[in-house]
Amino acid sequence: MSEPLLQIERLTLALPEGADRRYAVEDVSYSLAAGEVLCVVGESGSGKSMTANAVMGLLPPGLRVTQGRALFDGADLLAMDEPTHRALRGRRIGMVFQEPMTALNPLMRVGDQIAEVFEAHGLLTARERREKALALLEEVRLPDPPSALRAYPFELSGGQRQRVMIAMALALEPQLLVADEPTTALDVTTQAQILHLIRDLQKRRGMAVMFITHDFGVVAEIADRVCVMCEGRIVEMGDAREVLASPRHAYTRTLIAAIPGGVAAPARDGADPAPLLTVEGLNKVYRSRGGWWQPRREVVALDEVGFTLGRGETLGIVGESGSGKSTLGRCIVGLETPDSGGIRLAGTDLRTLTGQALREQRRHIQMVFQDPYASLNPRIRVGMAIAQGPIANGVPRARALERARQLLTTVGLDAAAADRFPHEFSGGQRQRIGIARALALDPELIVADEAVSALDVSIQAQVLELLERLKTELSLSLLFITHDLRVAAQICDRLIVMQKGCIVEQGSAERIFQAPSHPYTRELLAAIPGRHDDATAAAAPAAAPRMP
Amino acid sequence: MRYLSLIASRLLKAVLVLLAILILNFFLIHLAPGDPAMVMAGEAGATDAQFIADLRERFGLDQSLPMQLWHYLAGVLTLDFGYSYRQQMPVLDLILERLPATLLLTGAAFVISLGCGIVAGMLAAMRAKRPSGSLIMGLALLFYATPLYWVAMMAVLVFSVFLGWLPAYGYDTVGSDATGLAHALDVAEHLILPATTLGLFFMAVYTRMTRASMLSVAQQDFVKTARAKGLAPGMIQRRHILRNALLPIITLAGLQAGQMVGGAVLTETVFAWPGIGRLMYEALMQRDYNLLLGIFFFCALLVILFNMLTDVIYRLADPRIKEAA
Amino acid sequence: MSFFRRFVQNRGALVGLVILALVVLLALLAPLLYPESPWRMVQRPFLAPGELPGFPLGTDTMGRDVAAELAHGAWVSLLVGFVSTLVALAIGVPLGALAGYFGGRTDDVLMRITEFFQTIPNFALAIVLVAIMEPSIGSIVLAIAVVSWPPVARLVRGEFLSLKHREYVEAARLVGQGHRDLILKQILPNTLSPVIVLASLMVATAILLESSLSFLGLGDPDTMSWGYMIGAARTVMRQAWWLSVIPGVAILLTVLALNLVGEGLDDALNPQLARQR
């Protein structure tokens, strides 16, 4: 290949003093040729976005370049003065960000925001800018471009906004597109569409793309070459196919392990266990209260939902945002009240109980939450956080605290952790504490609501393993709510697929992955990045070792 | 249609608030020391028993409390706010006579404080790390901490007493029979000190708020998007940061504009400005409760009007609200 | 003790704290330094500062010692400022907590009341209340508290609204904690830092309000206050400007100090925000 378009040489970025490490990225070198897609992969804190920010001249305050060059078409971006750099931004280098919901100015019409790119570089007349904006919206395949042009960002969905962002980044036909986790905040089906769009536009225009992601599934979808980063350093780099097929570095292997190697869930014991939880005809409608002038709005969150969960079983509830899966979990644990329907735990109808009897039953269902940073009270010591459930249920304080220490060791932490505050722990450790808290009341059923979604993939695997182990040791049942089919495949015996408040399909995990019957399930499965289509799933590039 | 129902609901809300204020007013009158009839008689300067009994009957004070409340509300509906015996005039006439001067003063102070406050806040935000930015914030903090009436007195001391540049008190030059433009200029000259000193405190509020708001908007993702487009910094400040930062300022301005009417009591007292604030001070000095509560009601009325106005402006400025309706 | 370190790193806050400490000291020592009533006439009127030894700040229109007036005035300003803020917190925190926690009808009713009190021009209401209840320390404290609780209620309600759906609160609910525990143990402690910051600024505003009321002649007739001193000096501004300048500077410094301390607390309690500034 000829001269690279972008060449990063020995780049080192220093973090401000007092950070947990000295360098955001250290001695990083890579190059990107015209017309090539390079994926920069890493977990949070790996420094993967920082290089891109340096290239764009958008480094957050406090970060300094201490060494290295970033040559774009022969000119060093890091040594450039701001006006020269600004002239390149938008015109020759475009960028797409992670959060489509906040990346557009809420007070400006979409058309004006696209037209502004031309204005920024003093190109075209106002009319021509409008026409170009319209053409761009057509190119990124937004439905009804003329009205999208006049729309405000809040009138568009997340996927549509990301299309607008792409239109904006591509307006001046840049030679390089920097995409910083552009699909992470999107639902899986939307993600597939956006990936497809980026790949398509890239091919048509022959641009180079620097695609930053944490997800090896996405790499399999889009990358020509891949560069894996860990704690500010590049640990592995090479042709995407080769890295996926035979990763050399252990860290790369853990990351790849998280993508579905032919997502087929392993067959589990087929014996039908006795039902522990029975849900019948559950309905829930959210009504926004009509204000002084607002009409009432209704959103159906649950529509005649019914299923059973057997003792010792792990049941996965899968769906995209807005499918009602979280509402279902919250109704079961009692954080929300369904409008109608029955929830029976071991034969007792929870909906008919009140007061003390209800509290007694509720104890048997506990929850593990999504956000490890929000699920622990920052002002309460870990031991107390675990013990407060038993204390509220009448266990003497000293005994409850003693038990909390035992539970901490059960979930793989040191008993001394009980005396510390939550902020002293990492995300994965906090999630373990959350699990210990759920166990403190000796529940029979644990509802895990996106319990690993906020964690990096390597940590995800450990927490899933812990749940699996506890389930067998303590003979628990698990209701596992997730948007991520790959996670579901790793842990669930049976699956329920939800869409818009309805169950569209349920069955054994194995059956659903291999022979989905509902079109929506097929769409979901097909959209999983890295899994080209279900027929060839077994032959997918990632013949990676599955998680144990 | 949507706008009509919106306006209707806003008006209904305003009417309810006013009704609540009237009821509060009514009970405050009854809280006032002494029998209202005695108070009124005292105000009128008469103390004989027959006169008091007459008053009692005339104002229905011998009736039950709810009946009295009803009479009071009915009176207000017919624009009867009672009679000020001290000033020998109906309360409403007194207030209406003084209202224009107060509107002129608070209006001018509002425009000065909002305009200068936003500009100063903007400059301070753009120079957040430079001495000039710190200087603006230091001054803002100083004015924020200074008693309104004291600034007014110091301004008189410096600009009228020592320098002799501007008149120290009044609405226009006493004894001057200037008309038309000459009179307007005379009033304007008298307006400068009161309007500026009343505006200073609020200007400090807007400066601090604008700066904080702009700095927090500058952290948002869409500003990074604008930079990634290659937009020049000035354009980003104006088009992306300032517009979004002004939304909370509009809300605040609505609240403060109303508070300004209350603050005018102090300014008008110092500058002998013949508005309802000065009238309130006079009513206070004379313990003229009918007049005091009438003025209080009008202050609240002004606040409600200001709030409705800013509500409309907010709706024009933020497209999200229009669509949500 | 990183909170303390962050606080003292803020130079403005430290200066504020020193000024505030001096004012508190002055207020506490007033009865010792000037055991006589500050209302007593001690010398001929209109002594300029430094004119006679023993009267460093001179005398006022009635021949009272300005330094004694200032010291006793400090006591009243601080007392009214702190007590009225405590009363306002005592009204605003429970109302806001209940409205935010229970939501629905409770929230509707409580917030209508709060909005109502916020709509009324607060200085005008304070004037009316003090005038009608007759000026005294008690009525002044009450009037200031009545006009200053709404922002507290709104702040606490907002915090409760966002915190009550935090996962740790839901987790505590699931393990069986009751409303009382959830409000007092889980949510309230986490709303404290913004409330503390607001309270320090409210003390400053209360001091300004108190001085404004006394300036208008609505001060407690038995106690000397800074606002009264300025009000009394107004008519003699031309002859004796220092009589209005001295107490004015005292108010300014005290209020400034409280604002600086408030900003310092804000920065120290919310380190993430501080870094943005």
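The values are calculated or read from the model by the stated rules, or taken from the named source; none is laboratory data. As the structure is a prediction and not an experimental result, all values here were calculated from the model. Because the Cβ atoms are built from the backbone with ideal geometry, glycine has one as well, and the counts that use them run over all protein chains shown. In case anyone asks, the SASA skips ligands and DNA or RNA and just uses the protein heavy atoms, side chains included. Shrake-Rupley method; radii C 1.70, N 1.55, O 1.52, S 1.80 Å.
Based on Cβ point charges of +1 for Lys and Arg and -1 for Asp and Glu, what charge dipole magnitude is obtained for the range A:96-171 about its Cα centre, in debye rounded to the nearest 20?
On the way: 9 positive and 10 negative charges, 13 e Å.
The dipole of the range A:96-171 has a size of about 60 debye.
Give the calculated FRET efficiency between B:LEU316 and B:LEU16 to the nearest 0.05, with a Förster radius of 25 Å applied to their Cβ-Cβ distance. Mind dumping the intermediate values first?
On the way: r = 25 Å, r/R0 = 1.00.
E between B:LEU316 and B:LEU16, to the nearest 0.05, is 0.50.
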Apply the Karplus curve 6.51 cos²θ - 1.76 cosθ + 1.60, θ = phi - 60°, to the phi angles in the range C:173-182 and return the couplings in whole Hz, x for Gly and Pro. 5, 5, 7, x, 6, x, 3, 4, 5, 4
Taking a crude spin-label model, label points 7 Å out from Cα along the C-beta direction, the A:LEU353 to A:GLU242 distance in nm is 6.1 nm
Using only protein heavy atoms and a 1.4 angstrom probe, determine the accessible area buried between A and C, summed over both sides, in Å² to the nearest 100. 1800 Å²
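Could you tell me which of the pairs A:LYS471/C:LYS185; A:LYS284/B:LYS13; A:LYS284/A:LYS471; A:LYS284/A:LYS325 are separated by over 21 angstrom between their Cα atoms in the structure shown? Intermediate values should be presented prior to the final figure.
On the way: A:LYS471/C:LYS185 31 Å; A:LYS284/B:LYS13 33 Å; A:LYS284/A:LYS471 30 Å; A:LYS284/A:LYS325 12 Å.
Beyond 21 Å: A:LYS471/C:LYS185; A:LYS284/B:LYS13; A:LYS284/A:LYS471.
When you count, for each residue, the other Cβ atoms within 10 Å and take the mean per peptide, how do A:367-377, A:202-212 rank with the highest first?
Result, highest mean Cβ count within 10 Å first: A:367-377, A:202-212.
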What is the log10 of I(q)/I(0) for the protein assembly as shown, computed with the Debye formula using one identical point scatterer on each Cα and no solvent, at q = 0.06, 0.07, 0.09 Å⁻¹? -0.63, -0.83, -1.22
A:ARG205 paired with A:GLU402, simple spin-label distance in nm, labels 7 Å along Cα-to-beta-carbon: 6.8 nm
Looking only at Cα atoms, what is the convex hull volume of the range A:272-528 per residue, in Å³? 151 Å³
Kindly rank C:23-35, B:138-150 from highest to lowest mean number of other beta carbons found within 10 Å of each residue. B:138-150, C:23-35
Can you list residues whose amide H is under 5 Å from A:VAL235's amide H, if they're 5+ apart or on another chain and H is modeled 1.01 Å from N? A:VAL228, A:MET229, A:CYS230
Sequence-distant residues sharing a close amide H with B:MET89 (under 5 Å, placed H): B:SER84
Antiparallel bridge percentage (DSSP; both residues within the protein assembly as shown; nearest 5): 55 percent
Where nothing but the Cβ of Lys and Arg (+1) and of Asp and Glu (-1) is charged, how large is the charge dipole of the range A:1-114 around its Cα centre, in debye to the nearest 20? 200 debye
Dipole-positive endmost among A:LEU401, A:ILE446, A:ILE503 within the range A:272-528 (Cβ charges, Cα centre): A:LEU401
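What does the structure give for B:261-268 when I average, per residue, the other chain Cβ atoms found within 10 Å of the residue Cβ? Write down the numbers at each step before the final one.
Values: counts 3, 10, 5, 3, 6, 5, 0, 0.
If you average over the peptide's residues, the count of other-chain Cβ atoms is 4.
Round to a whole number: what % of the accessible area of chain B belongs to carbon and sulfur, probe 1.4 Å? Walk me through the intermediate numbers first.
Working: 9870 of 14450 Å².
That share works out to 68 percent.
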Largest first and in whole Å, what are the equivalent-ellipsoid semi-axes of the range C:1-53 based on the Cα gyration tensor, each being the root of 5 times an eigenvalue? 37, 14, 7
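More than 35 Å apart: what percent of Cα pairs in chain A qualify?
Percentage above 35 Å: 44.
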Which residues of the range C:225-241 bury at least 50 Å² of accessible area once all protein chains are present, versus their chain alone (1.4 Å probe)? C:ARG234, C:MET237, C:ARG238
Local electrostatic count, A:LYS132, Cβ distance below 12 Å [Lys/Arg +1, Asp/Glu -1]: -4
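Across the residues of A:371-381, average count of Cβ atoms on other protein chains within 10 Å?
Details: counts 3, 1, 2, 8, 6, 4, 12, 4, 7, 6, 0.
If you average over the peptide's residues, the count of other-chain Cβ atoms is 5.
Determine the dipole magnitude for the protein assembly as shown: charges of +1 sit on the beta-carbon of Lys and Arg, -1 on that of Asp and Glu, nothing else is charged, the reference point is the Cα centre, and the result goes in debye to the nearest 20. It would help to have the intermediate numbers written out before the result.
Working: 103 positive and 105 negative charges, 272 e Å.
In total the dipole reaches around 1300 debye.
In peptide A:83-92, what is the residue-averaged number of other protein chain Cβ atoms found within 10 Å of each Cβ?
On the way: counts 2, 0, 1, 6, 1, 1, 5, 7, 2, 1.
Taking the mean over all residues of the peptide, I get 3.
Could you tell me whether chain C comes out rounded, prolate or oblate from its Cα gyration tensor? Rule is a ≥ b ≥ c as square roots of the eigenvalues, rounded for a/c under 1.5, then prolate if a/b exceeds b/c, otherwise oblate.
Verdict is prolate for chain C.
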How large is ³J(HN,Hα) for each residue in the range A:434-441, as worked out from phi by the Karplus curve 6.51 cos²θ - 1.76 cosθ + 1.60 (θ = phi - 60°), to whole Hz, x for Gly and Pro? x, 5, 4, 4, 5, 6, 4, 9
A 1.4 Å probe over the protein heavy atoms gives the range C:1-54 a carbon and sulfur accessible-area percentage of 69 percent
Which residues' amide hydrogens lie under 5 Å from the amide hydrogen of A:GLU36, considering only partners 5 or more residues apart or on another chain, with H built in the peptide plane? A:ALA208, A:VAL209
Add +1 for every Lys or Arg and -1 for every Asp or Glu among the other residues with Cβ under 12 Å from the Cβ of B:ALA195, and state the total. -2
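Over both sides of the B-C contact, add up the buried accessible area with a 1.4 Å probe and give it to the nearest 100 Å². Please list the in-between numbers first.
Details: alone 17970 and 14420 Å², together 28280 Å².
Interface area, both chains combined: 4100 Å², rounded to the nearest 100.
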Quick one: net charge of A:ASP371's neighbours, Cβ under 13 Å, K/R +1, D/E -1? -2
So which lysines can A:LYS48 reach, going by Cα to Cα under 25 Å and dropping same-chain residues fewer than 8 places off? A:LYS203, B:LYS224, B:LYS229
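I need the peptides C:5-13, B:105-113 ranked by packing, meaning the mean over residues of other C-beta atoms within 10 angstrom, with the highest value on top. Could you put the intermediate results ahead of the total?
Details: C:5-13: 15.7, B:105-113: 21.0.
In descending order of packing, they fall as B:105-113, C:5-13.
Give me the compactness ratio for chain B, meaning the Cα radius of gyration over 2.2 N^0.38 Å. Kindly include the intermediate steps, with their values, before the conclusion.
Details: Rg = 24.1 Å, N = 325, 2.2 N^0.38 = 19.8 Å.
My calculation over the Cα atoms of chain B gives 1.22.
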Output wanted: per-residue J couplings in Hz (rounded whole) for the range B:123-130, from phi through Karplus 6.51 cos²θ - 1.76 cosθ + 1.60, θ = phi - 60°, x for Gly and Pro. 4, 5, 5, 6, 10, 3, 9, 10
For a test of the definition: using alpha carbon positions, the gyration tensor, and the 1.5 limit on a/c, classify the range A:113-219 as rounded, prolate or oblate. oblate
What is the helix-to-structure angle for B:276-285, meaning the angle in degrees between its Cα long axis and the longest Cα principal axis of chain B, kept from 0 to 90 and rounded to the nearest 10? 50 degrees
For the protein assembly as shown, dividing by residue count, accessible area per residue (probe 1.4 Å) in Å² works out to 42 Å²
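Per DSSP H run of at least 4 residues, take -39500 (n - 2.57); add these up for the protein assembly as shown, divide by its residues and hand me the 222 nm value, nearest 500 deg cm²/dmol.
Working: 43 runs with 636 residues, N = 1150.
Rounded to the nearest 500, the figure is -18000 deg cm²/dmol.
With a 1.4 Å probe on protein heavy atoms only, work out how much accessible surface A and B bury together, total over both chains, in Å² to the nearest 100. Mind dumping the intermediate values first?
On the way: alone 24550 and 17970 Å², together 39620 Å².
By this definition, chains A and B bury close to 2900 Å².
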Lys/Arg +1, Asp/Glu -1 at C-beta; the range A:40-95 dipole; positive extreme among A:LEU88, A:VAL41, A:LEU59: A:LEU88
